[in-house]
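A short write-up of the structure that comes next.
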Amino acid sequence: MTPLSYLRTYRPDRAVLTGEFFSQGAVRVGPGDTVGVVMMELGGPLRPAEVVPFLESRLLDPVEVELRIPKALRPRAARYLARKMGRELQRSFEMIGGTSPLRRHVSEQAAALEKRLNSRFGSQTQITFKTYVAMRHGDPSMGKVRQRMAEDGVTRVVLLPLQPHYSASMAGSALSYWQAHGSVSVPTALVSEYATHPKLVRALVERINEGIQRFPRQVRDRVQVLFAAHGASQRHLSKLNDPYCCHVHATVRAVQAARPNSGPSKVAFLKPLGSGRALGDSVDDAVADMAADGAGAILVVPVSFLSDRVDTAFDLDVTVRAAAKKQGIEHFEVTNGLNGHPLVVDALAECVGVHLEPDVMAGGDGLASDEPPAGPSLSRTAVAAPGCPVCERASKARVWIEDAPILGTVTQESIDGDSVRSAA
């Protein structure tokens, strides 16, 4: 299915856009099953010639991008805007090496996740795990991934959007496009969000601590943190009760709680593509406000991205850096992306694990090992947190329980000096 044919046949489906259409519980698995883990991402050009088609595909997306024009005129407008915006984006690519780093990082994440799932769960349960990268725009396309899964004999599917926070603009768009290719005939579960997963939080804290070390010693105690999230439209907040901003702020609260004596911080959003009203404060406005308040050192933390991409490598590290300098910010840094951080890979493995329930038990406890895998589990009930400062609603981020088992009984070990329940 092409982006244009999708646009022409698109009919809004609230259940799909919110993720409610897909099971967010556990699917039953047994020995001999092959679990396909579909890692959904936005996509990105590999070379300058792919820039304009990539932008045109995004501009044709009726979910992610709001264009206030009749549907019949959208293809022509998308072609015009893609060519116009493409010249600027191609220059951006040249400044970061001529290609988006996203695909490389996601491919590395997929390889690491597949290895982790098979070593942690596969040998004990006689289940085979295969990971598939599915890009919303570009290759590997969702159609090709579905074909590969059929060829590989996949019997269970776990959909894993690579955004910790559920957003109709990102995850909803990917799910809608996935569903437009036809229903999957095998049991399927959706990992809707993992905003406060303890290992994700610890990985972010590690990146912040590493970033602070880049500043001169004499200013490190005065560094202010700016959490930068992917841009989104206000329309999904009002029409779909989109929890995206709530999830972003839930992550930020968890990260700040895990950083003793953490200083001032702000949350801001990159500008979304299209003409719709943006969600929350913009990154540029946040930098200006921090400068007006006397900040001299800012560390930007890409909080909604699991991998580096043009948004982080250029928009934040080049464009926002230049804006900060004009505002008089003397010291400015952007943290490294999470990319293949082992804690992130573990977190994703646990997200998959809690959505699988052993069907055929072996040895009485469902596992063949004397040391069964365990880790945080997903609370079945969304627990309300403090009101979101953007939409003033109660956050609906799920709660991860450190002591709950995954695919078996629990073993205990110490990580970084803290007594927690985690993987063997």
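What to note about this one:
- Gyration tensor (alpha-carbon) shape descriptor, the chain, a/c threshold 1.5: oblate
- Per-residue HN-Hα couplings for segment 344-359 [Karplus 6.51, -1.76, 1.60; θ = phi - 60°; Hz; x = Gly/Pro]: 5, 4, 4, 4, 5, 4, 5, 4, 5, x, 6, 9, 10, 10, x, 9
- Cα-based convex hull, segment 221-301, per residue volume (Å³, whole number): 87 Å³
- DSSP beta bridges in the chain [antiparallel fraction, %, rounded to 5]: 15 percent
- Derived scalar couplings ³J(HN,Hα) [segment 214-221; Karplus, 6.51 cos²θ - 1.76 cosθ + 1.60; whole Hz; x for Gly, Pro]: 6, 7, x, 3, 6, 10, 4, 6
- Anisotropy class of segment 26-87 from Cα gyration tensor, a/c 1.5 cut: oblate
- Comparing mean-square fluctuations of Val186, Val352, Val252 from a GNM of the chain with C-alpha springs under 10 Å, the top value falls on Val186.
- Sorting the segments 236-248, 111-123 by their mean number of nearby beta carbons within 10 angstrom, highest to lowest, gives 236-248, 111-123.
- Cα→Cβ-extended label distance, 7 Å offset, between Ala257 and Arg220, nm: 2.7 nm
- Rg to Rh quotient for segment 198-334, alpha carbon positions, Kirkwood Rh: 0.96
- Top positive-direction residue, dipole computed over segment 64-133 with Cβ charges, set Gly97, Tyr80, Ala111: Tyr80
- Gain on full stretching of the segment that runs from Met95 to His181 - 0.36 nm per residue minus C-alpha separation: 27.3 nm
- DSSP bridge pairs, segment 198-334: antiparallel proportion in percent, nearest 5: 5 percent
- Helix-only mean residue ellipticity at 222 nm for the chain, each DSSP H run of n ≥ 4 adding -39500 (n - 2.57), per residue, nearest 500: -10000 deg cm²/dmol
- Here the relative contact order of segment 90-226, from alpha carbon pairs under 8 Å that lie six or more residues apart, stands at 16 percent.
- Distances between placed amide hydrogens fall under 5 Å for Glu66 paired with Ser275, Gly276, all partners being 5 or more residues away or on another chain.
- The peptide list 176-184, 71-79, 135-143, put in order of mean Cβ contacts within 10 Å with the highest first, becomes 135-143, 176-184, 71-79.
- Lys/Arg +1, Asp/Glu -1 at C-beta; the chain dipole; positive extreme among Val320, Met290, Val63: Val63
- Its Cα centre serving as origin, segment 258-355 has a Cβ charge dipole (Lys and Arg +1, Asp and Glu -1) of approximately 140 debye.
- Charge dipole (debye, nearest 20) of segment 107-177; +1 at Cβ of Lys and Arg, -1 at Cβ of Asp and Glu: 120 debye
- Normalised contact order of the chain, rounded percent, pairs of Cα under 8 Å and 6 or more residues apart: 21 percent
- Dipole magnitude (debye, nearest 20) for the chain, charges at Cβ of Lys, Arg, Asp, Glu: 1660 debye
- Over segment 87-240, the reciprocal of the mean inverse Cα-Cα separation, the Kirkwood hydrodynamic radius, stands at 18.8 Å.
- q = 0.24, 0.25 Å⁻¹, segment 5-54: log10 I(q)/I(0) [Debye, one scatterer per Cα]: -1.04, -1.06
Quick note: the coordinates plus some simple rules give every number you see, no bench work behind them. Everything numeric here is computed off the predicted structure, so don't read it as measured data. Here the Cβ is made from the backbone with ideal geometry for all residues, glycine too, and neighbour counts use every protein chain on show.
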